[in-house]
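Student: Below is a structure I'd like to ask you about.
Read the figures in this text as sums done on the coordinates, not as results from a lab. Not measured: the values here are computed from a predicted model. In this analysis, Cβ positions are derived from the backbone assuming ideal geometry, glycine residues included, and neighbour counts consider all displayed protein chains.
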Amino acid sequence: MSSEVVEASGHLIDSGILNGIFDTVIRHGASFEVLRFTIGRTNAEPSLLTMRVTAETDEVLRKLVENLVPLGCLIVSGQDALTSPADLDGCAPVDFYSTTNHETHIRHSGQWITVVDQRMDAAIIVEGDRAICRKLRDLRKGDAVVCGVEGIRVVPTFQDRDRHGFAFMTNEVSSERRVEAAVARVAEMLTAARSGGGRIAIVAGPVVVHTGGAPYLASLIRAGFVQLLLSGNALAVHDIELAMFGTSLGVHLETGQAVEGGHHHHMRAINAVRRAGGLRQAVDQGIVTSGIMYECLRHDVEYILAGSIRDDGPLPDTIMDLTAAQDHYSASLKDVSIVLVLASMLHGIGVGNMLPSATRVVCIDINPAVVTKLGDRGSSQTVGIVTDTGLFLHQLAAYLHALGD
């Protein structure tokens, strides 16, 4: 039999992490012996668990510990994190440690150091006295890559004990809830973030335009509630179509009726922007005089449009190099306080993969499966609001206006 002593600390009970640790041990056919368990005596004091886990073979024990580390378990050995040099550009050693999106520390030269640029599905490299998350494609031969799980400490996101301050921030997804209550809480979050100088990011799909939400999103941009817009070619195209022709996908948004010849409108919008040389030029020349992209340009809000194989045009502003688009997204998301994902599964999951778990994410979609997918892909900090995106934006804009913003 092989055994290892591990420990974990934090709000283990009310966050459900304690059950997760025990279940993980049992799922691997192993056993545990609790050596010490101290329950936090106040709402601020953490609990502490020390236990011995035992498995039939070294291999089973290794796999078990690998799955306990993301839950906040630390091997009690006092060893430094192990590193091995990358032997090829763009490749890590076989046993490299694959990161989660949770805050991570490694023991280096006997001291704990915090890993910077934390994100999921990356490797950790050590450069001098720094530990850095790095995507596999960015590794270079000779990089000191952290391997195994020795000397690694993960801090999972614990459920907030401030029940009233952030009570709706749970991972439960249901359409049988009052949307107004969630809208009010989101409005309060946005107001607090703006007042504190925090950066608010919007990840939006073209459904925002199709459902009539574009004017309300534009009003949020005007009011200073958006510092970053991440989307694809389609959002900008249909936003420009709406500004120029009053339609989205050829449907007049005021009447809900298909306009004769309206299916050409999005192509004419693309052509107009391309002839102008880009979105900024189209705004400067008076071709585009309203809408989401117009307000972004007027108020110097950063936007990044990531292209895909289905894009018409595309617009000159759209980044069609996937690797470059990912890098632009990732760089722009540093120090973001709150992310609202509005009806965009593709870009929403992509952004979720780039964020540390401490960043609050609210996903609004009429389809509960979209909200659930973000959590299933590891973005456990995501909260879902199941409703029509246009309706949500309408209510959010009205609530912010009532607050005096």
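Student: Using the Cα atoms of region 189-260 to build a convex hull, what is its mean projected area in square nanometres? Please list the in-between numbers first.
Tutor: Working: hull surface 20.3 nm².
So the Cα hull casts an average projection of 5.1 nm².
Student: Further question: Counting Lys and Arg as +1 and Asp and Glu as -1, what is the net charge of the other residues whose Cβ lies under 14 Å from the Cβ of Glu4?
Tutor: Once all neighbours under 14 Å are counted, the net charge is -4.
Student: A follow-up question, please. Quick one: check the C-alpha center-to-center distance for region 385-402 versus region 193-209, whole angstrom.
Tutor: 13
Student: Where Lys and Arg each count +1 and Asp and Glu each count -1, what net charge lies around Ala81 among other residues with Cβ under 9 Å from its Cβ?
Tutor: Local net charge: -1.
Student: When averaged across all projection directions, what area in nm² does the alpha-carbon convex hull of region 306-355 cover?
Tutor: Mean projected area for region 306-355: 3.9 nm², to one decimal.
Student: What distance in nm lies between label points placed 7 Å from Cα along the C-beta direction at Arg36 and Thr191?
Tutor: 4.6
Student: Which residue, Glu127, Glu66, Glu241, tops the fluctuation ranking in a GNM of the chain built on C-alpha contacts under 10 Å?
Tutor: In the Gaussian network model the winner is Glu127.
Student: Sticking with this one: For n ≥ 4 DSSP H runs only, could you compute -39500 (n - 2.57) per run for the chain, divide by its residues and tell me the 222 nm figure to the nearest 500? Each step should come with its number before you reach the end.
Tutor: Details: 13 runs with 134 residues, N = 405.
Per the formula, -10000 deg cm²/dmol.
Student: Report, in degrees rounded to the nearest 10, the 0 to 90 angle that the Cα long axis of helix 389-402 makes with the longest principal axis of the chain.
Tutor: The two axes meet at around 90 degrees.
Student: Take each of the peptides 230-239, 185-194, average the number of other beta-carbon atoms within 10 Å over its residues, and list them starting from the highest.
Tutor: So the peptides 230-239, 185-194, ranked by packing, come out 230-239, 185-194.
Student: Next up: How much length, in nm to one decimal, is gained on full extension between Met1 and Glu302, taken as 0.36 nm per residue of separation minus their Cα-Cα distance?
Tutor: Stretched fully, the Met1-Glu302 segment lengthens by 102.7 nm.
Student: Still on this structure: Return a whole-number percent for the relative contact order of the chain, with Cα pairs under 8 Å and 6 or more residues apart as the contact set.
Tutor: 15 percent.
Student: For region 262-311 and region 128-152, compute the distance between their C-alpha centroids and round to whole Å.
Tutor: Each part's Cα centre sits 40 Å from the other's.
Student: With only alpha-carbon pairs counted, each pair once and no self-pairs, how large is the Kirkwood hydrodynamic radius of region 34-166 in angstroms?
Tutor: About 16.2 Å for region 34-166.
Student: Using the Cα centre as the reference, give the magnitude of the dipole from point charges on the C-beta atoms of the chain (Lys, Arg: +1; Asp, Glu: -1; all else neutral), rounded to the nearest 20 debye.
Tutor: Numbers: 33 positive and 46 negative charges, 89 e Å.
About 420 debye.
Student: Could you list Lys63, Lys141, Lys373 so that the one with the fewest beta carbons within 10 Å of its beta carbon is first and the one with the most is last?
Tutor: Ranking Lys63, Lys141, Lys373 by Cβ neighbours within 10 Å, fewest first, gives Lys141, Lys63, Lys373.
Student: Quick one: 3J(HN,Hα) in Hz for region 74-91, Karplus 6.51/-1.76/1.60 with θ = phi - 60°, rounded, Gly and Pro as x.
Tutor: Running phi through 6.51 cos²θ - 1.76 cosθ + 1.60 with θ = phi - 60° gives 10, 5, 8, 10, x, 7, 6, 5, 8, 10, 9, x, 5, 9, 9, 4, x, 9 Hz.
Student: Bin by bin, in steps of 5 Å, what percent of the Cα pairs in region 69-119 do you find, going until the bin that has the longest distance?
Tutor: 4, 16, 23, 28, 20, 7, 2
Student: In addition: Please name which of Thr382, Met267, Ala369 has its Cα lying farthest along the dipole of region 267-391 towards the positive end, using unit charges on Cβ (Lys, Arg +1; Asp, Glu -1) and the Cα centre as origin.
Tutor: Towards the positive end, the residue furthest out is Met267.
Student: Local charge sum around Ala306 (other residues, Cβ-Cβ under 14 Å, Lys/Arg +1, Asp/Glu -1)?
Tutor: Counting the neighbours of Ala306, the net charge comes to -4.
Student: For region 179-402, with equal point scatterers placed on the C-alpha atoms only and solvent neglected, what are the log10 I(q)/I(0) values from the Debye formula at q = 0.12 1/Å, to two decimals?
Tutor: -0.60
Student: On to the next question. If I take the Cα coordinates of region 1-76 and project them onto the principal axes, what are the three extents in Å, biggest first?
Tutor: Answer, in whole Å and largest first: 40, 19, 15 Å.
Student: Per the Cauchy relation, a quarter of the hull surface: what is the mean projected area of the convex hull of the alpha carbons in the chain, in nm²?
Tutor: 22.6
Student: Ranked highest first by the average count of other Cβ atoms within 10 Å around their residues, in what order do 264-276, 322-334, 383-395 fall?
Tutor: Packing order, densest peptide first, comes out as 383-395, 264-276, 322-334.
Student: How big is the C-alpha Rg of region 102-157 next to the rule-of-thumb value 2.2 N^0.38 Å, as a ratio?
Tutor: Against the empirical 2.2 N^0.38 Å value, I get 1.05 for region 102-157.
Student: Below 8 Å, C-alpha to C-alpha, sequence gap of six or more: please give me the relative contact order for region 78-159 in percent.
Tutor: Here the relative contact order equals 42 percent.
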